[in-house]
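Scroll down for the structure; my scribbles are underneath it.
The values are calculated or read from the model by the stated rules, or taken from the named source; none is laboratory data. Just so it is clear, the model here is predicted, and its values are computed rather than measured. Methodologically, a virtual Cβ is constructed for each residue, glycine included, from the backbone with ideal geometry; neighbour enumeration extends over all protein chains shown.
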Amino acid sequence: MKREKAVTKDMVVGMQVIDAEGNVVGTVKDVAFTVGKAGISLYVESKKGESRNIEWEEVQAVGDFVILKPITTQAVAQPQQPTAQVCPTCKGPLSFIQQYQRWYCYKCKKYT
């Protein structure tokens, strides 16, 4: 059984990021949060000085390096439309707001 391992910001800042093919992507400069979205991302800078955010879901492992998951054709494919949901409060229909990746109830005027 694999133990869960907590990773702190201080642990990852300064680590090299390696893609699934073994190429160096860059170095972690900071940990970032996107307003309106759940989750975190790594702010990574390449040797050329180019920066990008890598979502935490793309990380496969953290040890001496940050290793990214392989890119699959499914990840590139068009995302599936979520199935219809019902509001737990009013039992009315929910709308999936793609921008925020969350369900919204127009009757209750709130996210669920």
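Consider segment 16-53. How many of its residues are over 18 Å from the mean Cα position of the chain (by Cα) and assigned to a loop (DSSP other than H, G, I, E, B)?
Counting residues in segment 16-53 that are over 18 Å from the mean Cα position of the chain (by Cα) and assigned to a loop (DSSP other than H, G, I, E, B) gives 8.
Of the numbered conditions (1) at pLDDT 85 or above; (2) over 25 Å from GLU4 (Cβ atoms); (3) outside any strand (DSSP E or B), GLN78 satisfies every one except a single condition; which is it?
Failed condition: (1).
For segment 1-32, which positions are touching a residue at least 40 places away in the same chain (Cβ under 8 Å) and among the aliphatic types (A, V, I, L, M)?
Selection gives VAL7, MET11, VAL12, MET15, VAL17, ILE18, ALA20, VAL25.
Does segment 45-57 hold any residues that are surrounded by 13 or more Cβ atoms within 10 Å (Cβ to Cβ) and over 17 Å from LYS9 (Cβ atoms), and which are they?
Within segment 45-57, SER46, ARG52 qualify.
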